[in-house]
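Report on one structure; see the data block that follows.
The values are calculated or read from the model by the stated rules, or taken from the named source; none is laboratory data. Note that the structure is a prediction, hence the values are computed from the model and not measured. A quick note on method: Cβ atoms are made from the backbone with ideal geometry, for glycine too, and the neighbour counts reach across all protein chains shown. When the accessible area is computed, the model is the full protein with side chains, heavy atoms only, and any ligands, DNA or RNA have been set aside. Shrake-Rupley method; radii C 1.70, N 1.55, O 1.52, S 1.80 Å.
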Amino acid sequence: MSFAAISDWHERASHGRKRRRRLAWRRFCRNGLPVIGLAYIALLFIVAIVGPFVTRQPTVNIFQANQSPSWAHPFGTGQYGQDLLTQIVRGLGGTLLIGVTGAAISVAIGLIVGMVAGVFGGFIDAVLMRLTDFAFSIPTLIIALFIVVVTGFSAWNVGLSIGLVTWAGCARLARGLALSVRNGTLIDSAILAGGSRWYIATRYVLPQIASNMIVFFVFQVASVLFQSTTLIALDPQYVPLTGGQLPPGSNLLLNLLNGGGGSYIGYRWLFWFPLGVYCSMVIALLWIGDGLQALLNPQQPLPRRWFAAWPRLRAARGGKGVNMHG
Amino acid sequence: MADFVVEARTDFSNDVSKQPVLEVRDLVVRFERADGVVHAVNGVDFAVRPGEWLGIIGESGSGKSVTLMSILGLLGEGGRVIRGNAWFNGVDLVQLSDRQLRTVRGKDIGVVFQNLAEGFNPYLPIGSQIAEVLVNHRLCTRRTAHRRVIEFMHELGIADAKARFQQYPHELSGGMRQRAMIASAIVSEPKVIFADEPTTALDSTVQMQVLALLTDICRKRGTAVVMVTHDLGVAAHTCDRIVVMYGGVVMEEAPIDEFLQFPTHPYTLGLRAASFDPEQPDRPLRPIPGVAPVLLEAPRGCPFAPRCHMATTVCRERLPALRQTRPEHRVACHHVQGENEHEPYPIP
């Protein structure tokens, strides 16, 4: 009791933006998983940047095909004798770039279209929703392939093209959520506070729908990667490995596509290693997404600190008190 | 009537010559719904003088809140003002465009909502939400707004206002949140405040505190208040004048003393019979039989006729006009004749 009171006093003693930021970060750390996810994604980024300089040059050596993991080839080799670790590390940069740009573009467009439609309503809503219907109706992969063929195969272009054709779902979702927020006392009070449409959209509607958008974003990353893999394979001039390298604009999932079938005849590493890296990346993103939801929502309870033990140690050393109750 | 009822009076209301600050005339509001047109308000007249507390009472669904929201242009989906005026400052608010209305609502007319849970944005600190009123209406800079809001919160009895300023709505108790709501309604120093059941969500001790604060702060500034409530006790305590509404029509209108001593309309009597009277604590509370109607067509006769124990044929055929029965006391009932023929009906 007294401990809680003291820490409450600490809590109240500092206020303003600093306090809000600190509380937000603590909500993010609430159950540790977001921190693990963040660390893992950061690690993947480092590997993606540093890896190509550290791993061996990608080569094809038919005499070393389908070797199981060993010290020379920690992830084993594929059907053309390519070192799987090299392939995965080199695919990682493209994976992150395609996934994040593609999902960011599609969610950004969808969010703007949907929220404008939902907040403004009326004629604007009707026009934007017909536009969304159109975007829904186009065969996304084929149009994306056309865009990539014209602009050239690269990670940026692949992410961009898929983002440009897959925003319709997000727009629908954002509009629906905005509509559900729009009619209510909350928005009435925003109007009474003299808020313009823009003010209401950004300060009242956006925070309410943000958590859904974050979840959508993470799933969109997975979906964009999956689609981009299909896109590369749909390329008429698709060659699995050109000079031992994955084709430009591809991601590590292509390794799975190239060799995953080999697991049927006992080359299990060809299946499990690419899949493991990919799935763990998506899961880490999901955890970060959960953390972001908590971070953005001030009503989330503060941490039960089973993960972050350091503030307790700091308190024991006579540092700032910790609010155990949250 | 009990003494406590009489003491909370202002003398503004006695000054009949004072020009009303808000005057609503023949307001008609309809909602277009999937199942037809709902006739929510069917010709409402009332006026509020500066500094006066006007209480609008009636059952749920009698069009009280809709009347206020329609004046502010906040009717929501499908709602439309069919005819009527709401004169405020020499301008008819009903005629104003949304953009013009934006400069009035929240600034010259403040609103205190009933719904505490939804009244504030859960994602913004409470203080900055109150300050937004000043900033968005360009009444002062953000820095000055910050200072003034803290002063206001202090005046409204919010302890430790500086720290509260940074807290989120869910970190405040119901009473605190209602105080903050009052602060946001009054911080721009409006001429009129619409209080839509301001204390329904609070328990009775906090309710009295909040009402006392609101009366106090409004009296100091000479702010007129239109309060929607279905609590006769609250109305008796705070209001100077009462308007009784039913079925989107004004049934009775009287100064509070008059209203308490000579309630006239059968509906008013029904309301009185259904609520606790400290003078007669042993009297059983009697509900009015039936339920308030959803008016899918404009009422032909008196909207209360189907539930009225005195209803006759004429009640079902013709809408009674508001007629003066005593000085400042107006009643819409066919069975109340004229100024001198008044005789209160027995409680049914």
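Restricting the chymotrypsin sites (Phe, Trp or Tyr not before Pro) of segment B:233-327 to loop positions (DSSP other than H, G, I, E, B) with no more than 14 neighbouring Cβ atoms within 10 Å leaves B:Phe276. Rg and Dmax, both from the Cα atoms of segment A:157-204 and both in Å, are 15.0, 46.
For segment A:64-71, 3J(HN,Hα) computed residue by residue from phi via the Karplus equation (6.51, -1.76, 1.60; θ = phi - 60°) reads 10, 5, 6, 8, 6, x, 8, 5 Hz, glycine and proline entered as x. For B:Val21, the amide hydrogen comes within under 5 Å of the amide hydrogens of B:Val48, B:Arg49, counting only partners 5 or more places away or on other chains and with H modelled in the peptide plane.
Partner shielding of B:160-168 amounts to 4, given as the average count of beta-carbon atoms from other chains within 10 Å of each residue beta-carbon.
Counting, for every residue in A:191-201, the Cβ atoms of other protein chains within 10 Å of its Cβ and taking the mean gives 6.
Dipole check for segment A:33-316: with +1 at the C-beta of Lys and Arg, -1 at the C-beta of Asp and Glu, and the Cα centre as origin, the magnitude is about 660 Debye. Shown are A:Leu111, A:Leu225, whose ranking by accessible area with a 1.4 Å probe and every protein chain present, most to least, is A:Leu111, A:Leu225.
Each residue of segment B:274-281 was assigned a 3J(HN,Hα) from its phi angle through the Karplus curve 6.51 cos²θ - 1.76 cosθ + 1.60 (θ = phi - 60°); the sequence is 8, 10, 5, 10, x, 5, 10, x Hz, with glycine and proline shown as x. Between the alpha-carbon centres of segment B:141-218 and segment A:77-117 there is a gap of 50 Å. Each Cα pair of the protein assembly as shown feeds into the Kirkwood radius, which the Stokes-Einstein equation turns, at 37 °C and 0.692 mPa s, into a diffusion coefficient of 110 µm²/s. In terms of its C-alpha gyration tensor, chain A has an oblate overall shape, because the principal axis ratio a/c (a ≥ b ≥ c, square roots of the eigenvalues) is not below 1.5 and a/b does not outweigh b/c. Over every Cα atom in segment B:227-340, the radius of gyration and the widest Cα-Cα span, Dmax, amount to 14.1, 40 Å. Straight-line cross-link partners of A:Lys18 among the aspartates and glutamates, defined as a Cα under 19 Å from its Cα and at least 8 positions apart when in the same chain: A:Asp8, B:Asp160, B:Glu171.
Kirkwood's formula applied to the C-alpha pairs of segment B:50-159 gives a hydrodynamic radius of 16.3 angstrom. Viscosity 1.002 mPa s, temperature 20 °C: Stokes-Einstein D of segment B:25-77 from its Kirkwood Cα radius, in µm² per second? After rounding, the answer is 175 µm²/s.
With q set to 0.29 Å⁻¹, the log10 of I(q)/I(0) for segment A:182-240, from the Debye formula over equal scatterers at the Cα positions, is -1.07.
With helices as the sole contributors, chain B gives -8500 deg cm²/dmol at 222 nm; each DSSP H run of n ≥ 4 counts as -39500 (n - 2.57), and the sum is divided by every residue. In terms of Cα atoms, the Rg and Dmax of chain B work out to 20.4, 65 Å. Positive end of the dipole of the protein assembly as shown (Cβ unit charges, origin at the Cα centre): among A:Leu254, A:Asn61, B:Tyr123, the Cα lying farthest that way belongs to A:Asn61. Largest accessible area first, the listed residues A:Phe219, B:Phe262, B:Phe152, A:Phe120 line up as A:Phe219, A:Phe120, B:Phe262, B:Phe152 when surface is computed with a 1.4 Å probe on the assembled protein chains.
Average 1/r across all pairs of distinct alpha carbons in segment B:117-187, invert it, and you get the Kirkwood radius: 11.7 Å.
Near the amide H of B:Tyr246, within less than 5 Å, lie the amide hydrogens of B:Met251, all on another chain or at least 5 residues away, with H placed in the peptide plane. For the peptide B:118-128, the mean number of other protein chain Cβ atoms found within 10 angstrom of a residue's Cβ is 5.
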